[in-house]
Amino acid sequence: MGMRDVDDRGASESAFTDNDVVVIGAGLGGLTCALELARQGLKVCVLEKHRVAGGYAHAFRRKGYHFDVSLHYVGGLDPGGMTHGVLESLGVYDRLKLVRQERVFRSESPGLEIDVPNGRDASLAYLCSLFPAERHGLEALWKFAYELKADIMGPTMNPAFDVPLDKRLSLGVGDATFNDVLRRFVSDERLLAVLGQTWMYLGLPNELATAVFGTCVFVSARMEGTYQIVGGGSSLARILVERLQECGGDCVTKSEVKRIIVEDGAARGVELADGRVVRAKTVVAAVDPVQTFFELIPGEEVSRVYRHRLTQM
């Protein structure tokens with residue numbers, strides 16, 4: 001499995017015609033969405049303005065070195081993990097060459113070196129050995145976090161999920177931050193610092209990140225098995241595109257979308273920067289929502305209230 005990017009393959013004109021769905025943006029979200037729709041029998045075309053597909057999941061070379069832009073490892077790939085289930089259902093999991101990491105991360109601070117092993121049970125046992133006074137809190141945290149993620153993702157990921165709304169675990173953390181979740185179970189400041197190091201994946205410190213998002217990332221990174229993909233993120237993107245083509249869809253790079261065509265209040269296709277028009281019954285914008293609703297869709301077609309809410313986020 002090589003490390004080449006998914007570049008422009010000179011897609012045929014058939015990729016631009018008779019589409020059920022046009023997806024704007026060939027990041028992992030856009031490719032995953034497109035592949036799932038294509039698996040269900042829809043004709044899908046993904047349009048990407050960059051010369052390569054994959055979004056942050058691509059790589060570059062400098063002076064003989066290979067750099068992954070973002071996807072240095074993937075969590076949730078142990079059997080039963082969310083990412084494992086998604087990739088398996090899409091038909092791409094068995095095509096990936098994966099290396100299971102021995103540890104989740106290592107950190108060094110004055111008087112404390114942390115080398116957390118990979119996996120739910122291993123990471124819990126390791127932290128309990130370092131912080132024996134917090135054992136009961138850690139065990140309760142691991143159980144709560146795992147169950148909370150199952151509650152959050154269940155309605156969309158688990159066909160057997162049938163928990164009544166008033167019994168949903170996530171209702172109790174609607175206004176909470178991830179820091180609130182951690183402090184509910186442990187009090188040792190050093191342990192809190194160790195547990196909170198996943199904040200770098202959130203983009204916000206734990207005091208600002210929501211309990212829902214923070215817990216999902218925490219579980220994926222700490223409990224569901226982390227792996228490296230041989231060939232990096234570009235290998236995953238390439239396999240997603242190949243599988244999309246097998247299902248009758250296509251991904252066209254160097255195809256910048258200038259605007260979304262709206263007719264009678266519904267999106268009915270896109271206009272490219274080179275003037276070409278790609279018609280479709282449905283348009284999926286797998287890009288920045290501000291870009292979507294302020295640049296791609298004509299102003300008169302978007303609620304002023306909705307735009308205002310976006311600017312306040």
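The values are calculated or read from the model by the stated rules, or taken from the named source; none is laboratory data. None of the values given here were measured: they were computed from a predicted structure. Surface accessibility is based on the protein's heavy atoms, side chains included, excluding ligands, DNA and RNA. Shrake-Rupley method; radii C 1.70, N 1.55, O 1.52, S 1.80 Å.
With Cα Rg over 2.2 N^0.38 Å in mind, check (i) 1.35; (ii) 1.11; (iii) 1.20 and report the label derived from this structure.
(ii)
Among the complete DSSP H segments of the chain, which ones combine at least 27 Å of alpha-carbon extent along their axis with a mean Kyte-Doolittle hydropathy of 1.6 or more?
Working: long enough: 135-157 (33 Å, -0.15).
Helices meeting the span and hydropathy rule in the chain: none at all.
Kirkwood Rh, Cα Rg: Rg to Rh for region 244-313? Intermediate results must be reported in sequence, preceding the final value.
Working: Rg = 13.6 Å, Rh = 13.4 Å.
So for region 244-313, dividing Rg by the Kirkwood Rh gives 1.01.
Does region 207-292 come out rounded, prolate or oblate, given a ≥ b ≥ c as the square roots of the eigenvalues of its C-alpha gyration tensor, rounded meaning a/c under 1.5 and, failing that, prolate meaning a/b above b/c? Mind showing how you got there, number by number?
Working: a/c = 2.73, a/b = 1.52, b/c = 1.80.
It comes out oblate by the Cα gyration axes.
Heads up, I need the accessible area for Val277: 1.4 angstrom probe, whole protein in place, Å², nearest 10.
Roll a 1.4 Å probe over it and Val277 shows about 80 Å².
Could you tell me the accessible area of Thr311 in Å² (1.4 Å probe, neighbours in place), rounded to the nearest ten?
Surface open to solvent at Thr311 totals about 80 Å².
Quick one: grab the alpha carbon gyration tensor of region 29-108, order the square roots of its eigenvalues as a ≥ b ≥ c, and give me rounded if a/c is under 1.5, else prolate or oblate depending on whether a/b is larger than b/c.
It comes out oblate by the Cα gyration axes.
As a test of the definition: which semi-axes, in Å, follow for region 91-152 when you take the square root of five times each eigenvalue of its alpha carbon gyration tensor? Largest first, please. Write down the numbers at each step before the final one.
Details: eigenvalues 134, 75, 15 Å².
In descending order, the three semi-axes are 26, 19, 9 Å.
Any idea of Tyr146's accessible area? Nearest 10 Å², probe 1.4 Å.
80 Å²
Using 30 Å as the Cα-Cα cut-off, could you pick out the over-long pairs in Lys97/Lys167; Lys149/Lys258; Lys43/Lys149; Lys43/Lys63; Lys97/Lys149?
Lys97/Lys167; Lys149/Lys258; Lys43/Lys149; Lys43/Lys63
Express the Stokes-Einstein translational diffusion coefficient of region 16-166 in µm² s⁻¹, to the nearest whole number, given a Kirkwood radius over alpha-carbon pairs, 37 °C and a viscosity of 0.692 mPa s.
Working: Rh = 19.1 Å.
For the chosen part, D equals 172 µm²/s.
Could you put Glu189, Glu300 in order of accessible surface area, largest first, with the 1.4 Å probe and the full protein assembly present? It would help to have the intermediate numbers written out before the result.
Working: Glu189 110, Glu300 150 Å².
These residues rank, largest area first, as Glu300, Glu189.
For the chain, what does -39500 (n - 2.57) per DSSP helix run (n ≥ 4), summed and divided by total residues, give at 222 nm, in deg cm²/dmol to the nearest 500?
-10500 deg cm²/dmol
In what order, largest first, do Arg103, Arg238 sit by accessible area if the probe radius is 1.4 Å?
Descending order: Arg103, Arg238.
Could you tell me what percent of the DSSP beta bridges with both partners in the chain are antiparallel, to the nearest 5? Numbers along the way, then the final one.
Numbers: 26 of 39 bridges.
Bridges in the chain are about 65 percent antiparallel.
Sort Ser123, Ser129 by heavy-atom solvent-accessible area, probe 1.4 angstrom, most to least.
Numbers: Ser123 0, Ser129 80 Å².
The ordering from most to least exposed comes out as Ser129, Ser123.
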